[in-house]
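Engineer: I have a structure here, written as structure tokens, and I will follow up with some questions on it.
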Amino acid sequence: MTRRKYVVGNWKMHGVSSDLGEIHSIAAGSASVSNVDTALCLPATLIERAARSVSILPIGGQDVHWADKGAHTGCISAAMLLDAGAKLTIVGHSERREGQHETNEDVRRKAEAALAAGLGVILCIGESLGVREAGQAVGTVQAQLDESLPHAEVSAAAIPGQFAIAYEPIWAIGTGKVASPADIGEMHSALRDRLVAAYGDAGNEIRILYGGSVNASNAAEIFAVDDVDGALVGGASLTAEKFLPIVQAASAA
């Protein structure tokens with residue numbers, strides 16, 4: 001099955017007002033690539049300004065709380081993201097799972113809340129280097145996916161159109177290391193099996209992105225792997241100069 005490529009930048013804790021010009025450049029360059037979907041997930045402080053000024057590029061958040069409102073200091077709800085102009089959000093990034101001690105159950109609840117509110121969701125999963133070296137990567141990440149997936153009855157209306165998975169081996173994020181094409185292919189195929197088990201035929205339409213030190217020099221090789229439907233890009237998404245060649249590689253793939 002041919003799925004439209006999807007390339008999303010995750011700016012993490014980067015970006016202030018002076019970076020809006022870079023966002024404009026990324027939006028303009030991405031708009032010229034008609035066969036790839038692109039988006040930028042920005043820090044909450046930039047979402048409203050970016051969404052207002054670059055309507056041609058979907059802007060997203062990097063996290064969301066599962067509650068509609070309440071005593072959750074420092075958190076942001078799906079309604080707040082939508083009000084700021086966001087179209088999507090990341091959930092379950094390893095930097096939140098590890099740094100903020102988020103569980104699979106936390107991630108599932110966040111994904112369900114975002115989908116129910118009408119936000120697109122990119123759900124992240126991935127293994128540590130220790131798990132990879134122990135030969136337990138596939139089973140561990142499959143189990144993580146199973147426990148993090150939104151329940152079918154909650155998300156049926158949004159799957160597959162607004163829902164994607166991002167496989168990010170933790171040991172490859174920001175390190176310059178990239179999983180081999182064979183390892184990526186094995187993992188994405190295993191994840192596809194779990195998506196079909198969870199959602200039936202709709203599981204074949206959900207896009208699976210790869211993340212972990214994706215850049216202009218390795219993007220084409222990664223996108224050529226079966227079941228790689230795009231990329232979640234970290235550091236290389238901060239400038240148009242580095243991000244747009246990845247979008248163009250997705251287009252060529």
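The values are calculated or read from the model by the stated rules, or taken from the named source; none is laboratory data. Keep in mind that what you see is a predicted model, and the values were worked out from it rather than measured. Every residue, glycine among them, receives a Cβ derived from its backbone with ideal geometry; neighbour counts consider all protein chains shown.
Engineer: Residues of region 196-209 being in contact (Cβ under 8 Å) with a residue 40 or more places away in the chain and either of a type in the set (A, V, I, L, M) or farther than 13 Å from residue 146 by Cβ (or both), which ones?
Structural biologist: Across region 196-209, the qualifying residues are 198, 202, 204, 205, 206, 207, 208, 209.
Engineer: Still on this model: Collect the residues in region 56-76 that are within 24 Å of residue 7 (Cβ to Cβ), in contact with a strand residue (DSSP E or B) (Cβ under 6 Å, 6 or more places away or on another chain) and part of a loop (DSSP other than H, G, I, E, B), keeping them in residue-number order.
Structural biologist: If the condition is that a residue be within 24 Å of residue 7 (Cβ to Cβ), in contact with a strand residue (DSSP E or B) (Cβ under 6 Å, 6 or more places away or on another chain) and part of a loop (DSSP other than H, G, I, E, B), then 58, 62, 64 are the ones that fit.
Engineer: Determine which single condition residue 166 fails, assuming it passes every other condition in (1) at negative phi; (2) in contact with a helix residue (DSSP H, G or I) (Cβ under 7 Å, 6 or more places away or on another chain).
Structural biologist: (2)
Engineer: Which of the residues belonging to region 23-55 are assigned to a helix (DSSP H, G or I) and either basic (Lys, Arg) or buried (at least 18 other Cβ atoms within 10 Å of the Cβ) (or both)? Lay out the reasoning, then the answer.
Structural biologist: We begin by selecting, within region 23-55, every residue assigned to a helix (DSSP H, G or I); these are 23-31, 44-53.
Result: 23, 26, 27, 29, 30, 46, 47, 49, 50, 51, 52.
Engineer: Being more than 27 Å from residue 175 (Cβ to Cβ) and crowded, with 21+ Cβ neighbours inside 10 Å is true for just one of 123, 119. Which residue is that?
Structural biologist: Working: 123 fails: more than 27 Å from residue 175 (Cβ to Cβ).
So the residue among 123, 119 that is more than 27 Å from residue 175 (Cβ to Cβ) and crowded, with 21+ Cβ neighbours inside 10 Å is 119.
Engineer: With (1) touching a helix residue (DSSP H, G or I) at 6+ places or on another chain (Cβ under 6 Å); (2) of a type in the set (A, V, I, L, M); (3) at pLDDT below 95 as the list, and residue 198 as the residue in question, which single condition is left unmet?
Structural biologist: Among (1) touching a helix residue (DSSP H, G or I) at 6+ places or on another chain (Cβ under 6 Å); (2) of a type in the set (A, V, I, L, M); (3) at pLDDT below 95, the lone unmet condition for residue 198 is (1).
Engineer: Listed residues 198, 179, 166; which is part of a helix (DSSP H, G or I) and either touching a Phe, Trp or Tyr at 6+ places or on another chain (Cβ under 7 Å) or more than 19 Å from residue 2 (Cβ to Cβ) (or both)?
Structural biologist: Values: 179 fails: part of a helix (DSSP H, G or I); 166 fails: part of a helix (DSSP H, G or I).
Within the list 198, 179, 166, the selection yields 198.
Engineer: Another question, if that's okay. Say we look at region 207-225 and pick out the residues that are in a loop (DSSP other than H, G, I, E, B) and aliphatic (A, V, I, L, M); which of these is nearest to residue 182 (Cα to Cα)? Write out each step before concluding.
Structural biologist: As a first pass, look at region 207-225 and keep what is in a loop (DSSP other than H, G, I, E, B): 212-218, 224-225.
Subsequent filtering for residues that are aliphatic (A, V, I, L, M) retains 214, 216, 224-225.
Values: 214: 16, 216: 19, 224: 11, 225: 8 Å.
The extreme case among them is 225.
Engineer: Which residues, taken from region 49-106, are of a type in the set (Val, Ile, Thr) and either farther than 14 Å from residue 120 by Cα or at pLDDT below 95 (or both)? So that I can check it myself, show each step before the final result.
Structural biologist: From region 49-106, those of a type in the set (Val, Ile, Thr) are 54, 56, 59, 64, 73, 76, 89-91, 103; that's our starting set.
The answer is 54, 56, 73, 76, 103.
Engineer: Among the residues of region 201-237, what is the count of those that are farther than 20 Å from residue 142 by Cβ and touching a helix residue (DSSP H, G or I) at 6+ places or on another chain (Cβ under 7 Å)?
Structural biologist: To start, the set of residues in region 201-237 that are farther than 20 Å from residue 142 by Cβ comprises 213-224, 230-231, 233-237.
The next check asks that each one be touching a helix residue (DSSP H, G or I) at 6+ places or on another chain (Cβ under 7 Å); those that pass are 213-216, 219-223, 230-231, 233, 236-237.
The total comes to 14.
Engineer: Let me ask another. Based on what the data block shows, is residue 25 polar (S, T, N, Q), within 24 Å of residue 241 (Cβ to Cβ) and in contact (Cβ under 8 Å) with a residue 12 or more places away in the chain? Write out each step before concluding.
Structural biologist: Details: polar (S, T, N, Q): yes; within 24 Å of residue 241 (Cβ to Cβ): yes; in contact (Cβ under 8 Å) with a residue 12 or more places away in the chain: yes.
For residue 25, the condition - polar (S, T, N, Q), within 24 Å of residue 241 (Cβ to Cβ) and in contact (Cβ under 8 Å) with a residue 12 or more places away in the chain - is met.
So that you can scan it fast, the table gives a plain yes or no per residue for (1) under 18 Å from the mean Cα position of the chain (by Cα); (2) farther than 23 Å from residue 92 by Cβ; (3) surrounded by 16 or more Cβ atoms within 10 Å (Cβ to Cβ); (4) modelled with pLDDT under 95:
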| position | (1), (2), (3), (4) |
| --- | --- |
| 174 | yes, no, no, yes |
| 179 | yes, no, yes, yes |
| 192 | yes, no, yes, no |
| 210 | yes, no, yes, no |
| 222 | yes, no, yes, no |
| 237 | yes, no, yes, no |
| 240 | no, yes, yes, no |
